[in-house]
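To keep things clear, I will list the structure first and then write my remarks on it.
The values are calculated or read from the model by the stated rules, or taken from the named source; none is laboratory data. No experiment lies behind these values; they were computed from the predicted model shown. Every residue, glycine as well, gets a Cβ built from its backbone with ideal geometry; the counts of neighbours run over all protein chains shown. The protein model used for the area step is the full one, side chains on, heavy atoms only, and it has no ligands, DNA or RNA in it. Shrake-Rupley method; radii C 1.70, N 1.55, O 1.52, S 1.80 Å.
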Amino acid sequence: MANPVLVEVTRGNLVESRHRGMVVVVDGDGKVVFSAGDIDAGVFPRSACKAMQALPLIESGAADAHLFGNRELALACSSHSGEPAHARLAGTMLAAAGVDESVLECGAHWSFEQPVLINQARVLERPTALHNNCSGKHAGFICAACHTGKDLEGYVRYEHPVQAEIRGVMESLTGAALAVDNCGVDGCSIPTYAVPLKSLAHGFAKMATGVGLAPVRAKAARRLIDACMAEPFFVAGTNRACTRLMEAAPGRIFAKTGAEGVFCAAIPEQGIAIALKCEDGTTRAAESMVAATLARFFREEPAVHAALMAMANRSMSNWNGIHVGDIRVTDAFAA
């Protein structure tokens, strides 16, 4: 099926670009509450599923053994901007396991935050793996592996016990079979698996509600969701979409982006979760899509609804500050 146009970008009085996509909202039982597009299509969640991948950090006992609080748990679920507080905390997590950044296999890159990047270029010879947006997730992997006596070398590979455990966790949550035939390599070198969009949303709905989960997993899942909502800066960073979405309704919205136009979110108090993808992989459209979807469920709260819709529909200015156009969601979200 052809996915509908969900976001338009204007210039002057004309639509300059159109972004197609699919979005689904489900409850803990997997019932579809809202949808648009092909919700059974397989998508790579990319970084949007990091909270699922962080479950072994708690379930292994490593998080409690190292006295990790909300900030460490949020960073384990993050795609952070590589700001000083992010890199410092990732290093602290590794130190708690008795290792350092040399064990990280995620690669290195400069900060996503331009002022931080400029300063890094002034004071650093090169960025380290701690600055990688996935260093918190990898630190979580390493802490869990060290706590359970697993060898660290090659922990990013498909066949490694760390990745086999994560694969099992994600299969249990999504109900999708994950194997070599639907596996790719993510930007930070770990396996990433294509799963039906509806299944991805259902997995997060189960994490947010505990429905269908064993008590230990339900408690661990909610602990991660709550940690992210409590520390949104450590999930993303300064002026990042995930951070701003969670700050729009503190302690009530969970949101996590993934590369190539993927977003997952949840409203635990309402027992629902969201998964979506902008078909062409554009981040600006995915951000508008998730904000508009979340706003549907805050119609009775004008301030929250308005804040979310202001993220969904926003103006664009050029380098001289002149308004040149708008990013706006289509009527598909009003259906």
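Can you pull out the residues in segment 175-198 that are in contact with a Ser or Thr (Cβ under 6 Å, 6 or more places away or on another chain) and open to solvent by 10 Å² or more (accessible area, probe 1.4 Å)?
Correct list: GLY175, ALA176, GLY184, ASP186.
Of the numbered conditions (1) in contact with an Asp or Glu (Cβ under 9 Å, 6 or more places away or on another chain); (2) over 30 Å from ALA96 (Cα atoms); (3) buried (at least 21 other Cβ atoms within 10 Å of the Cβ), ALA201 fails exactly one; give the number of that condition.
(1)
Check off (1) over 30 Å from PRO84 (Cβ atoms); (2) crowded, with 21+ Cβ neighbours inside 10 Å for ALA236 and give me the number that stays unchecked.
(1)
For segment 265-303, what are the residues that are under 20 Å from THR330 (Cα atoms) and among the β-branched types (Val, Ile, Thr)?
Passing the criteria: ILE274, THR282, THR283, VAL290, THR293.
The conditions are (1) open to solvent by 40 Å² or more (accessible area, probe 1.4 Å); (2) outside any helix (DSSP H, G or I), and ILE39 fails exactly one of them. Which is it?
Result: ILE39 fails condition (1) only.
Collect the residues in segment 49-68 that are of a type outside the set (Asp, Glu) and farther than 15 Å from GLY136 by Cβ, keeping them in residue-number order.
SER60, GLY61, ALA65, LEU67
For segment 261-335, give me every one of the strands (runs of 3 or more DSSP E) that falls completely inside it and has 2 or more residues that are touching a helix residue (DSSP H, G or I) at 6+ places or on another chain (Cβ under 8 Å) and at pLDDT 95 or above.
The strands (runs of 3 or more DSSP E) meeting that bar are 262-267, 272-278, 323-329.
What are the residue pairs meeting all of these: first residue in segment 307-318, first residue closer than 17 Å to ALA334 by Cβ, second residue modelled with pLDDT of 95 or more and open to solvent by 60 Å² or more (accessible area, probe 1.4 Å), Cβ atoms under 8 Å, and 6 or more apart or on different chains?
MET311/ARG244; ALA312/ARG328; ASN313/ARG328
Please indicate, with yes or no, whether at least one residue in segment 282-289 is open to solvent by less than 50 Å² (accessible area, probe 1.4 Å) and free of Cβ contacts under 8 Å to residues at least 24 places away in the same chain.
no
Which pairs turn up if I take residues in segment 215-241 that are among the polar types (S, T, N, Q) and look for partners that are buried (at least 16 other Cβ atoms within 10 Å of the Cβ) and assigned to a loop (DSSP other than H, G, I, E, B) with beta carbon separation below 6 Å, at least 6 apart in sequence or on another chain?
Here the result reads THR238/GLU113, each pair linking segment 215-241 to a residue that is buried (at least 16 other Cβ atoms within 10 Å of the Cβ) and assigned to a loop (DSSP other than H, G, I, E, B).
Of all residues in segment 207-246, which are in contact with a Gly (Cβ under 6 Å, 6 or more places away or on another chain), farther than 19 Å from ALA76 by Cβ and in a helix (DSSP H, G or I)?
THR209
Kindly check whether there is at least one residue in segment 69-76 that is open to solvent by 40 Å² or more (accessible area, probe 1.4 Å) and more than 10 Å from ALA139 (Cα to Cα).
Scanning segment 69-76 turns up at least one residue that is open to solvent by 40 Å² or more (accessible area, probe 1.4 Å) and more than 10 Å from ALA139 (Cα to Cα).
Could you check how many residues of segment 305-335 are open to solvent by less than 40 Å² (accessible area, probe 1.4 Å), more than 12 Å from GLU8 (Cα to Cα) and touching a Lys or Arg at 6+ places or on another chain (Cβ under 8 Å)?
3
In this structure, does HIS86 turn out to be within 25 Å of PHE263 (Cα to Cα) and in contact (Cβ under 8 Å) with a residue 60 or more places away in the chain?
Taking the combined requirement at face value, the residue satisfies it.
Can you pull out the residues in segment 89-109 that are over 22 Å from MET229 (Cβ atoms) and assigned to a helix (DSSP H, G or I)?
GLY91, LEU94, ALA95, ALA96, GLU101, SER102, VAL103 - these are the residues of segment 89-109 that are over 22 Å from MET229 (Cβ atoms) and assigned to a helix (DSSP H, G or I).
Table: residues versus (1) open to solvent by less than 30 Å² (accessible area, probe 1.4 Å); (2) in contact (Cβ under 8 Å) with a residue 60 or more places away in the chain; (3) touching a helix residue (DSSP H, G or I) at 6+ places or on another chain (Cβ under 8 Å).
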position: GLN114; (1), (2), (3): no, no, no
position: ILE118; (1), (2), (3): no, no, no
position: ALA121; (1), (2), (3): no, no, no
position: CYS146; (1), (2), (3): no, yes, yes
position: TYR155; (1), (2), (3): yes, no, yes
position: TYR158; (1), (2), (3): no, no, yes
position: VAL169; (1), (2), (3): yes, yes, yes
position: LEU173; (1), (2), (3): yes, yes, yes
